[in-house]
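Asker: I have a structure I would like to understand better, so I am pasting it below and will then ask my questions one at a time.
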2 protein chains.
Amino acid sequence: MISFDHHSSPAPEELPSELEGLRMTKQRREVLSVILAERDHPTANDVFTRSKERMPTISLATVYNCLEALVSHKLVKQVNFERESSRYCPNLNDHCHFQDEKTGTIHDVVFKKGVKLEDFLELPQGTEVSHLELSLKGRIGY
Amino acid sequence: MISFDHHSSPAPEELPSELEGLRMTKQRREVLSVILAERDHPTANDVFTRSKERMPTISLATVYNCLEALVSHKLVKQVNFERESSRYCPNLNDHCHFQDEKTGTIHDVVFKKGVKLEDFLELPQGTEVSHLELSLKGRIGY
DNA sequence: GCTGAAATTGGAATTATTCTAATTCGGGAT
DNA sequence: ATCCCGAATTAGAATAATTCCAATTTCAGC
């Protein structure tokens, strides 16, 4: 039984020119494809470095702009661990993150099938949760 | 049924000179008492401002030092919402945080009695979680 | 009351991120 | 195809939170 989330890597290229109402510019496409290519939760700076390989003129500001556009259009998720720099994740399913303290590697962790927030949290009724972030740190079993 | 966590305010003053193996200096005592006095999840800067009222010579660096000492000795919890500045919380019980999008107010939210991580997360067996942070945003029911 | 280690301090430094203002791009109308 | 205009990109400056540094100060144990 696999518990950490694994993905079959979809082809990163050939994205439509508009997605979720977001104009897919060269740079946004590049940034998105970097995030899809290596699903290792890169930081903005990682994305910048990788993007420059294929698009040497891209700027860090643009990478930040693109990331913000992709996140707000829900094509990518932003991942935070305490005050570390934000990381980016293409897994759009409901999930959270586990950071291996040994290696720093971040793994996606899925919620058990059918679990609802009210099942494990004492939330006042009527509370509407618009955003949830659950971050774990620890050591992986062997 | 109360769902958000409420506290009876314990007396902030007269803390011992050593706590959890941490030397309780004037400044650490002051910082801790500020956090205990108003349980509104202040930022480091909030703590600095409030501390200065009674201890005008305290420096921001010291506030950061004290907070780090208190957090690492588990007398206070550090609370993060995305990339906002860290906030500090004297509630040592297992709990998480809900930020009201309307007001910015942060509420403690407790886990349902007896709930374990494995009840709602697909964690590989043998995984040891040493740190968990769950942050919610949304709107409160009326 | 000394002494050494730890804590405090003010200011400088760092880091991630955002802002700014100028330029470029690209799609629709002509 | 060309013009136009709003949006996107860019380089660099600015900001904000936090950490670092080096010089004092404190204080617990002798």
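A short reminder: the numbers here are calculations on the coordinates, not readings from a lab. All values derive from a computational prediction rather than experimental measurement. All Cβ positions, even for glycine, are placed from backbone atoms using ideal geometry, and neighbour counts span all protein chains on display.
Asker: Kindly identify the range A:18-89 as rounded, prolate or oblate by the Cα gyration tensor criterion: order the square roots of the eigenvalues as a ≥ b ≥ c, call it rounded if a/c is under 1.5, otherwise compare a/b with b/c, prolate if a/b is larger, else oblate.
Answerer: oblate
Asker: In degrees between 0 and 90, to the nearest 10, how far off the longest principal axis of chain B does helix B:26-37 point, with axes built from Cα atoms?
Answerer: Computed tilt is about 50 degrees.
Asker: A further question follows. Please give the FRET efficiency for B:L92 paired with A:R23, using the beta carbon to beta carbon distance and R0 = 41 Å, rounded to the nearest 0.05.
Answerer: With a Förster radius of 41 Å, E is 0.25.
Asker: Using a 10 Å cut-off around each Cβ, can you sort B:V71, A:V110, B:V76 from fewest to most neighbouring Cβ atoms? Present the calculation step by step, with values, prior to reporting the outcome.
Answerer: Working: B:V71 15, A:V110 18, B:V76 23.
With the fewest neighbours first, B:V71, A:V110, B:V76 line up as B:V71, A:V110, B:V76.
Asker: Further question: Quote the charge dipole size of the range A:18-89 about the Cα centre in Debye, to the nearest 20; the model charges only the Cβ of Lys and Arg (+1) and of Asp and Glu (-1).
Answerer: Charge dipole, the range A:18-89, about its Cα centre: 180 debye, nearest 20.
Asker: Let me ask you something else. Given springs between every Cα pair under 10 Å in a Gaussian network model of chain B, which of B:Q99, B:Q78, B:Q125 has the largest fluctuation?
Answerer: Its mean-square fluctuation being the largest, the pick is B:Q125.
Asker: What angle, in degrees between 0 and 90 and rounded to the nearest 10, separates the Cα long axis of helix A:44-54 from the longest principal axis of the Cα atoms of chain A?
Answerer: The angle comes out near 40 degrees.
Asker: Among B:G114, B:V34, A:M55, which residue has its Cα positioned farthest towards the positive end of the charge dipole of the protein assembly as shown, with +1 placed on the Cβ of Lys and Arg, -1 on the Cβ of Asp and Glu, and the dipole taken about the Cα centre?
Answerer: A:M55
Asker: With r as the distance between the Cβ atoms of A:S85 and B:V115 and R0 = 25 Å, compute the FRET efficiency 1/(1 + (r/R0)^6) and round to 0.05. Don't jump to the answer; show the numbers that get you there.
Answerer: On the way: r = 31 Å, r/R0 = 1.25.
That gives a FRET efficiency of 0.20.
Asker: From the square roots a ≥ b ≥ c of the eigenvalues of the alpha-carbon gyration tensor of the range B:39-142, which class results: rounded (a/c under 1.5), prolate (a/b over b/c), or oblate?
Answerer: Oblate, because a/c is 1.5 or more while a/b does not exceed b/c.
Asker: Can you give the angle from 0 to 90° between the axis of helix A:60-72 and the longest principal axis of chain A, with both taken from C-alpha atoms, to the nearest 10?
Answerer: Rounded to the nearest ten degrees, it is 50.
Asker: Counting only other chains, and only Cβ atoms inside 10 Å, what mean value do you get across the residues of A:65-76?
Answerer: Mean inter-chain Cβ contacts per residue within 10 Å come to 0.
Asker: Are there any GluC sites (Glu not before Pro) in the range A:30-78 that are in a DSSP loop and have at most 16 other Cβ atoms within 10 Å? List them by number.
Answerer: Answer in residue order: A:E38.
Asker: Using helices alone, I'd like the mean residue ellipticity at 222 nm for chain B: each DSSP H run of four-plus residues gives -39500 (n - 2.57), total over residue count, nearest 500.
Answerer: The per-residue figure over chain B is -8500 deg cm²/dmol.
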